[in-house]
Ligand SMILES: Cc1cc2nc3c(=O)[nH]c(=O)nc-3n(C[C@H](O)[C@H](O)[C@H](O)COP(=O)(O)O)c2cc1C
């Protein structure tokens, strides 16, 4: 797949790191993954994980310049994931601001009817944020809130993180064995 993984200044750097690692390791790859960092992404990542771990071979782009491959509809991409997605970025996309490479790319993915997955972490939501989420759902975006599940009895923080990353991979249509599936027999490689 050819993907954009955008990381913004919301809490949840671990979700982005784990998703990138899974994309790198995916045996159905190699995937072409462009990593886009918002101005605040590194700041929050610094607080949460120190230096953000980005797999070798995945080009990293900033958010200020439009000289990046994914801001034009003419460039073919399969999907964009914004993880974690701040409510600021979510709101700008919902209102078509296109004032940064990430917001513009999201605009492009929506207009080209390409898969756009937003992973907000915020809690609780105010009415403005809730309405922005509805606007994006109506426009065709997929919202996967970073809300972990616990019915797998996760034992580590990574297990908890994986319950969210598993859903992102599911929505990208990629196979994985990150979590057991409810009422399904375990895969041989689990
Ligand atoms: C430690 C820290 C954690 C934050 N967590 C969140 C969050 O979970 N959700 C959110 O919407 N904003 C969060 N913010 C605020 C955003 O970083 C801020 O709104 C910023 O303008 C987002 O810009 P961006 O969307 O361009 O990355 C956090 C800020 C800091 C410093």
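All of the numbers you see were taken from the coordinates with simple rules; none came from a lab. Only a predicted model underlies this, so the values are computations on that prediction, with no experimental measurement involved. Cβ: placed from backbone, ideal geometry, glycine included. Neighbour counts: every protein chain shown.
Some values worked out for this structure:
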{"item": "Of all residues in region 79-112 being part of a loop (DSSP other than H, G, I, E, B) and in contact with a helix residue (DSSP H, G or I) (Cβ under 8 Å, 6 or more places away or on another chain), the one that is surrounded by the most Cβ atoms within 10 Å (Cβ to Cβ)", "result": "100"}
{"item": "Pick from region 29-41, criterion surrounded by fewer than 18 Cβ atoms within 10 Å (Cβ to Cβ) and within 27 Å of residue 99 (Cβ to Cβ), ranking: farthest from the ligand (Cβ to nearest atom)", "result": "32"}
{"item": "Hey, residue 26 under 17 Å from residue 115 (Cα atoms), touching a residue at least 40 places away in the same chain (Cβ under 8 Å), away from the ligand (no atom under 12 Å from the Cβ) and surrounded by fewer than 20 Cβ atoms within 10 Å (Cβ to Cβ) or not", "result": "no"}
{"item": "Scope region 111-139; condition within 18 Å of residue 34 (Cα to Cα) and either within 11 Å of the ligand (Cβ to nearest atom) or touching a strand residue (DSSP E or B) at 6+ places or on another chain (Cβ under 6 Å) (or both); matching residues", "result": "115, 116, 117, 118, 119"}
{"item": "Failed criterion for residue 13 (all others in (1) surrounded by fewer than 23 Cβ atoms within 10 Å (Cβ to Cβ); (2) closer than 25 Å to residue 173 by Cβ hold)", "result": "(1)"}
{"item": "Any pair with Cβ under 7 angstrom, 6 or more apart, that starts in region 83-94 at a residue that is more than 13 Å from residue 141 (Cβ to Cβ) and touching a residue at least 24 places away in the same chain (Cβ under 8 Å) and ends at one that is near the ligand (Cβ under 6 Å from one of its atoms) and in a helix (DSSP H, G or I)", "result": "none"}
{"item": "Residue count for region 15-43, restricted to those that are out of contact with any strand residue (DSSP E or B) (no Cβ under 8 Å at 6 or more places or on another chain) and in a helix (DSSP H, G or I)", "result": "7"}
{"item": "The one condition in (1) surrounded by 12 or more Cβ atoms within 10 Å (Cβ to Cβ); (2) under 16 Å from residue 30 (Cα atoms) that residue 61 fails to fulfil", "result": "(2)"}
